[in-house]
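Participant: Sharing a structure with you now.
The values are calculated or read from the model by the stated rules, or taken from the named source; none is laboratory data. Because the structure is a prediction, the values reported are computed rather than measured. Note that each Cβ is placed from the backbone with ideal geometry, even for glycine, and that neighbours are counted across all protein chains shown.
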């Protein structure tokens, strides 16, 4: 996968301030990126997006994302907001930005945003999907986006375990240590399902927020349940312990995870 950086145009006068706020839905293949957020020693999605928008606006542009994604994690419905100084219509922003982004990153939608909209703080929740391929041979074209499991999986056991994640819990046992203190590990999971189509298993999780590597830890444990290494009831036991994650909870590979959607309305259930 070839990535490039757009050539930046000269900046406008410093006294000119952004006036036009936009909301964007972004999809990206995270294989070659160090995640969404800037990294000191590797290329991040945020960097290439800001460089492309800065080229378009002829000014430095800062982009604010709905969340952070780990290195190698993909996104189908990542949301961001930003300001431009130029009064460019959203449809022209969409066409222009995609012509200056690497093929691994695409703006899917661009719209004007209200002044109080914040891609992260305005969200009610997010949906993540984790992809598992269980079969004798892994098709090569799925390798970047699916985690391979040669062991037969007990679907009903996985589904039973998945239901135990639903509700408001302390997810300390399903989070990896990060550079931020883990003071409040309580999150609410609205739904957790495991769907199957042939050899493809998809874990679909919706919640109001997620800790560092929480979804990958949940997926890793559900895989352990599917293999018969853990009982479904062990989910409840781990949640009730309120203790840091141990080696018992494996972190599933990043490549199988997608940030699928971010929700900004709640009308009898989550809507986009």
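Participant: From the list 234, 254, exactly one residue is within 18 Å of residue 160 (Cβ to Cβ) and modelled with pLDDT of 95 or more. Which is it?
Facilitator: Going through 234, 254 in turn, just one is within 18 Å of residue 160 (Cβ to Cβ) and modelled with pLDDT of 95 or more: 234.
Participant: So residue 76 ticks every box in (1) crowded, with 18+ Cβ neighbours inside 10 Å; (2) at pLDDT 95 or above; (3) touching a strand residue (DSSP E or B) at 6+ places or on another chain (Cβ under 9 Å) but one. Which box is left unticked?
Facilitator: It is condition (1) that residue 76 fails.
Participant: Another one. When only residues in segment 229-240 that are farther than 27 Å from residue 262 by Cβ and in contact with a helix residue (DSSP H, G or I) (Cβ under 6 Å, 6 or more places away or on another chain) count, which is surrounded by the most Cβ atoms within 10 Å (Cβ to Cβ)?
Facilitator: Among residues in segment 229-240 that are farther than 27 Å from residue 262 by Cβ and in contact with a helix residue (DSSP H, G or I) (Cβ under 6 Å, 6 or more places away or on another chain), the one surrounded by the most Cβ atoms within 10 Å (Cβ to Cβ) is 238.
Participant: Is one or more of the residues making up segment 151-160 assigned to a helix (DSSP H, G or I) and surrounded by 20 or more Cβ atoms within 10 Å (Cβ to Cβ)? Step through it out loud before you land on a result.
Facilitator: Initially, segment 151-160 is screened for residues assigned to a helix (DSSP H, G or I), giving 155-160.
Now restrict to residues that are surrounded by 20 or more Cβ atoms within 10 Å (Cβ to Cβ): 158.
Yes, there is a match, as at least one residue in segment 151-160 is assigned to a helix (DSSP H, G or I) and surrounded by 20 or more Cβ atoms within 10 Å (Cβ to Cβ).
Participant: Is there a residue in segment 40-47 that is assigned to a helix (DSSP H, G or I), in contact with a strand residue (DSSP E or B) (Cβ under 9 Å, 6 or more places away or on another chain) and in contact (Cβ under 8 Å) with a residue 60 or more places away in the chain?
Facilitator: Yes, the conditions are met somewhere in segment 40-47.
Participant: Still on this model: Go through (1) touching a helix residue (DSSP H, G or I) at 6+ places or on another chain (Cβ under 7 Å); (2) touching a residue at least 60 places away in the same chain (Cβ under 8 Å); (3) surrounded by 16 or more Cβ atoms within 10 Å (Cβ to Cβ) one by one and return the number of the condition residue 172 breaks.
Facilitator: Condition not satisfied by residue 172: (1).
Participant: Can you name the residue in segment 211-228 that is touching a helix residue (DSSP H, G or I) at 6+ places or on another chain (Cβ under 9 Å) and assigned to a loop (DSSP other than H, G, I, E, B) and is also surrounded by the most Cβ atoms within 10 Å (Cβ to Cβ) among such residues?
Facilitator: Selected residue: 213.
Participant: Related question: Scan (1) closer than 26 Å to residue 213 by Cβ; (2) in a loop (DSSP other than H, G, I, E, B) for the single condition residue 75 breaks and write down its number.
Facilitator: (2) is the only condition that residue 75 fails.
Participant: Counting only residues that are surrounded by 14 or more Cβ atoms within 10 Å (Cβ to Cβ) and assigned to a loop (DSSP other than H, G, I, E, B), how many does segment 241-262 have?
Facilitator: Total meeting the criteria: 6.
Participant: Here is a follow-up. Would you tally the residues in segment 86-100 being assigned to a loop (DSSP other than H, G, I, E, B), in contact (Cβ under 8 Å) with a residue 60 or more places away in the chain and within 19 Å of residue 47 (Cα to Cα)?
Facilitator: Final tally of qualifying residues: 1.
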